[in-house]
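Right, one structure below, let's go through it.
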Amino acid sequence: MNTPTRPPFPAPPGSAFEPVPFPPIALRGAPRLYCFTYGYEPIPESLSLLGGRRDLFMLEPVTGAAVAYDDGWVLLDTGFNTDIVRDPVKRAAHYNFDSYTAVVPPGEPLLDQVAAAGLDMSDLAVCAVSHLHCDHAGGLRHLVGGPPVVLHSAELAFGLNGAEIADAYFREDYDIPGIAYHLIDGPVELAPGLSVFPTPGHTPGHLSFRINLPETGSVVLACDSADLLRNVTGPVPCGTTTHIGLAAAAKASVERLNLLHNQVGTQVWPGHDPEFWATRLRPPLCYR
């Protein structure tokens, strides 16, 4: 999700936000990519595309993915917190943005799609979260006492020291005892054929994911560094950043994604494009 621009935010010093090396998890077999849609959100084009129309709204999908192996799997982003969405008091307190709301299907979207993919939460080896906005971090409550959650150190620093509901950061989504955060500050290999790399701009510590598939080729999940395919092909950054000082980083990140998209054998998938995600395979189907 995109939010109003605010002044530059200096990440606070301290060991609590120090990144540490992440040892790749030795999962076996070729990776398979499952596409998840956790819900939808009405977004004006101007927030997803710099220079876009303010009066044109799109019902954008809230997306994530699972990368599965023979002996475990990796979760990429977690969707909305349905406890907040479905509680009238909490919903009124959190979803108070102009023209913005969360639209979720019945049930528990994260757990239901995990089951539809034939996966089991007990086999989850690691989760990586692109950033802490409410449409990406809301499912973290399902990971209490579970495997490591990979996150950029600057993202958690902002989430715990300065981010507000008006920034679309809901602290109860991610400030949860029992979440095993593993903080990084650069590119990291999570598992064979699966890596994460910083694409700051949308937020201070935004991450994107790359999955190298034996048949499909290399898929880069841009997440919110490129909401729409037009961001990637332009390249044109999204319409807002959390901080004024991140505009140049947002531009550099989308330009990097454009270069990747133009590489032979590589596809960059935007994070919220309704037309694009309508063409993606749904569980139990997957990309190999």
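So the values come out like this:
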read-out	value
Residues that are under 30 Å from Ala191 (Cα atoms) and either in a strand (DSSP E or B) or in contact with a strand residue (DSSP E or B) (Cβ under 7 Å, 6 or more places away or on another chain) (or both), drawn from segment 51-71	Glu60, Pro61, Val62, Thr63, Gly64, Ala65, Ala66, Val67, Ala68, Tyr69
The lone exception for Gly186 - which of (1) surrounded by fewer than 17 Cβ atoms within 10 Å (Cβ to Cβ); (2) closer than 22 Å to Glu41 by Cα; (3) touching a Pro at 6+ places or on another chain (Cβ under 9 Å) it fails	(2)
Residues of segment 91-119 satisfying the condition of being of a type in the set (S, T, N, Q), assigned to a loop (DSSP other than H, G, I, E, B) and touching a residue at least 60 places away in the same chain (Cβ under 8 Å)	Asn96, Thr101
Tally of residues being over 15 Å from Ala222 (Cα atoms) and not acidic (Asp, Glu) across segment 264-279	4
Members of segment 274-288 that are touching a helix residue (DSSP H, G or I) at 6+ places or on another chain (Cβ under 9 Å) and under 18 Å from Arg210 (Cβ atoms)	Phe276
Residue in segment 261-284 that is in a loop (DSSP other than H, G, I, E, B) and modelled with pLDDT under 95 present	no
Positions within segment 253-266 being in contact with a Gly (Cβ under 8 Å, 6 or more places away or on another chain) and surrounded by 15 or more Cβ atoms within 10 Å (Cβ to Cβ), in sequence order	Ser253, Val254, Asn258, Thr266
Every residue from segment 214-245 that is at pLDDT 95 or above, buried (at least 21 other Cβ atoms within 10 Å of the Cβ) and among the hydroxyl-bearing types (Ser, Thr, Tyr)	Ser225
Tally of residues being without any contact (Cβ under 8 Å) to a residue 40 or more places away in the chain, not in a loop (DSSP other than H, G, I, E, B) and not hydrophobic (A, V, I, L, M, F, W, C) across segment 72-89	1
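The values are calculated or read from the model by the stated rules, or taken from the named source; none is laboratory data. Note that the structure is predicted; figures quoted are calculated from it, not measured. All Cβ positions, even for glycine, are placed from backbone atoms using ideal geometry, and neighbour counts span all protein chains on display.
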